[in-house]
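Each remark here refers to the structure printed beneath this line.
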Amino acid sequence: MPGGVAAAAAGAGYSGSVKLKYVKLGYQYLVNHFLTLLLVPYLVNHFLTLLLVPVMAATALELARMGPGELLSLWRSLQLDLVHILCSAFLVVFVGTVYFMSRPRPVYLVDYSCYKPPPSCRVPFATFMEHTRLITDDEKSVRFQTRILERSGLGEETCLPPANHYIPPNPSMEASRAEAQLVIFSAIDDLVRRTGLKPKDIDILVVNCSLFSPTPSLSAMIINKYKLRSNIRSFNLSGMGCSAGLISLDLARDMLQVHPNSNALVVSTEIITPNFYWGTRRDMMLPNCLFRMGAAAILLSNRRREARRAKYRLMHVVRTHKGADDRAYRCVYEEEDEQGHSGISLSKELMAIAGDALKSNITTIGPLVLPMSEQLLFFFRLVGRKLINKKWKPYIPDFKLAFEHFCIHAGGRAVIDELQKNLDLSAQHVEASRMTLHRFGNTSSSSLWYELAYIEAKGRMRRGDRVWQIGFGSGFKCNSAVWKCLRTVKAPTGGPWDDCIHRYPVDIPEVVKL
C-alpha cells in the first residue's frame, strides 16, 4: 500500500548511470515482439485456410471425374516427386503449427469501473485535524500531520471509510469486511451494468489488496456474492503495495494467453479500516494522512468478438523488482513501533531506491515503445559514456513521442513533481495524476484507473492514442503497462468524475494553510 507514498523524487535517479543489462532486457522484449510480427505475413492463418478449402474441394471434385488413364498421364506430365510433396506438406504443417502456438493472443480491456464514495464519507481537512486532536494528546504528532496535509496536494472531498469516522476509529474485522464489500461490490456492480457481464461468463478472477488479507479471501468473497462458477481460476494477491494493480494485470494477461476464449475480472483496492496507525513515529504517520478509500474493477478478454466494443488493447507490461537488495526489501516495511502499535515504516533511503527502480523500468520499456530515432540517440550516448567519457550526461529519451497520455501513480505530490521534471512532461501530461490525488487522494493500486477515467471524462481519449501507466510498490517494485486505445471514448462516460469534471483542473497551491 504505501510503496507509492514515499516514492517521492523517484524520477531523480534516472539522470544517473544507466545499467546496460536493463537496456539488453528491453531489446530482448523487442526482438521477441519483432519476430512474432515478422512471421505473421508469411505464415498460414485462418483466412488462408478458409480461402484454400473451397479450392481444394473443387480440385478434388475435378480429379474424381477423370479416368485412371487421364490421372496417370497428368501425373507423368507434372513429373511430381513424392518425396518433394511430403517434404513440402510437412514444412507447411510445421510452420503453421509454430505460428499458431507462438503468437500471443490479444488482450482487450472491454471496460472498467471505479468506486465513487458517498458524500457522507468525505473528510475535509478541518474534520481530519479535529479527529486527530481528539485521538492523540501528542501535539508534535498533530503539528507534523498538519504540515503533511498542507503540502499533500489532497483536496477537501477525499473520503475515508465509515469506521475511521468514529472517535476513536473502529478498525475491527467486521468493519474491515464491510468496507471491502462496499468498495468492491459497488465497483463490480457498476462494471456489470456497463458491460452486461454475467457471472457465468467470468473465467478468471484476480484480486489485489495489500494489507487486508482475511480468511476466506477477498476473491472467495466475490465468488460467494456473485455465485461464480465452481471451475473459475481465482487468485488473491496481498502485500505487494501500490503497484499490485499492474501485477494483477500481468497475471491476468498470462492466464489469458493459455486459456482461449476467456474473460478475466481484475479487482484492485486497498482497505483502509484496519490500517490506522495509533502511534507517534513520524515515518509511520504518512499513510494516515494520504490514503483514502477506493477500488477499481476491470474486465479483460481475449475473445475476438470483444474487439469491436473494447476500449483498449494491452500492448506491454514491464515489471522491475529490487527485492534482492536488502535495503530495497526493507525500505517499506510493516512493523510495530516501541509502544507495540503496528504500522508501515518508510526508510530514509526510499527515495534513492525508488529512483533506481524507476530508472531500470523505463530503461527496459524504452526499446519497446520509443521511435527508432530516440532509441539510437539513447544507445549511442550510452555507449559513448561507457567507452569514451563517463562524465557525459545520459540521454533522457523523449517519452512524449511514444505516448499521448500518462497515468503516474498518485502516491503523493513529490512523486508526480519528480516524474514530470525528469521525463520533461507538460502540466497537461500530469494533470490526470494531480487531479486524482486532489479529488480522491491516494487510493493505492486503483489510482491509475481514476486517472484514466479523468482523461476519458475530459474527452481527450482518441482512437490510436497510447497510454502509459506506471506505479511504485513495496518490495521495492516499479511496474509499467502500455495500452492502445481502440475507439474514441466520448464524454460523459458515467464514471467517478461525471458530477465534478466541469470544475477540473483546479489550481493546487504549494501550501494550504490550515
The summed charge of the Gly153 Cβ neighbourhood (under 14 Å; Lys/Arg +1, Asp/Glu -1) stands at -3
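Among DSSP beta bridges lying fully in segment 107-485, give the percent that are antiparallel, nearest 5. Intermediate results must be reported in sequence, preceding the final value.
Working: 39 of 54 bridges.
Of the beta bridges lying entirely in segment 107-485, close to 70 percent run antiparallel.
Which whole-number value in Å² is the accessible area per residue of segment 107-485, probe 1.4 Å?
On the way: 14670 Å² over 379 residues.
Solvent-accessible surface per residue comes out at 39 Å².
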Amide H proximity to Leu370 below 5 Å, modelled H, separation 5+ or other chain, gives none
Counting only protein heavy atoms and leaving out ligands, DNA and RNA, the solvent-accessible surface of Glu418 at a 1.4 Å probe, in Å² to the nearest 10, equals 40 Å²
Taking placed amide H atoms and a strict 5 Å upper bound, the residues 5 or more places from Ala295 or on another chain that come that close are Tyr115
In order over segment 468-477: 3J(HN,Hα) from phi, Karplus 6.51/-1.76/1.60, θ = phi - 60°, whole Hz, x for each Gly or Pro, gives 10, 9, 9, x, 10, x, 4, x, 10, 10
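Students often get this wrong, so check it: of Lys140/Lys477; Lys359/Lys391; Lys477/Lys513; Lys348/Lys390, which have C-alpha atoms separated by over 23 Å?
Values: Lys140/Lys477 32 Å; Lys359/Lys391 18 Å; Lys477/Lys513 34 Å; Lys348/Lys390 28 Å.
Violating the 23 Å Cα-Cα cut-off are Lys140/Lys477; Lys477/Lys513; Lys348/Lys390.
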Any residue on another chain or 5+ positions along whose placed amide H is under 5 Å from the amide H of Ser234 is listed here as Leu205
For segment 365-378, Karplus-derived ³J(HN,Hα) couplings (6.51, -1.76, 1.60; θ = phi - 60°; whole Hz; x for glycine and proline) come out as 7, x, x, 7, 10, 6, x, 4, 4, 5, 5, 5, 4, 5
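Identify the chymotrypsin sites (Phe, Trp or Tyr not before Pro) of segment 380-410 meeting these criteria: DSSP loop state and at most 12 other C-beta atoms within 10 Å of the C-beta.
Values: sites: Phe380, Trp392, Tyr395, Phe399, Phe403, Phe406; in loops: Trp392, Tyr395, Phe403.
Here the chymotrypsin sites (Phe, Trp or Tyr not before Pro) that fit, given the DSSP loop and packing criteria, are Trp392.
For segment 218-370, what % of the accessible area comes from carbon and sulfur atoms, probe 1.4 Å?
Values: 2760 of 5870 Å².
Result for segment 218-370: 47 percent of the exposed heavy-atom area is carbon or sulfur.
The values are calculated or read from the model by the stated rules, or taken from the named source; none is laboratory data. Computed from a predicted structure; not experimentally measured. All Cβ positions, glycine included, derive from the backbone under ideal geometry; neighbour counts span all protein chains shown. Heavy atoms of the whole protein, side chains included, go into the accessibility calculation; ligands, DNA and RNA do not. Shrake-Rupley method; radii C 1.70, N 1.55, O 1.52, S 1.80 Å.
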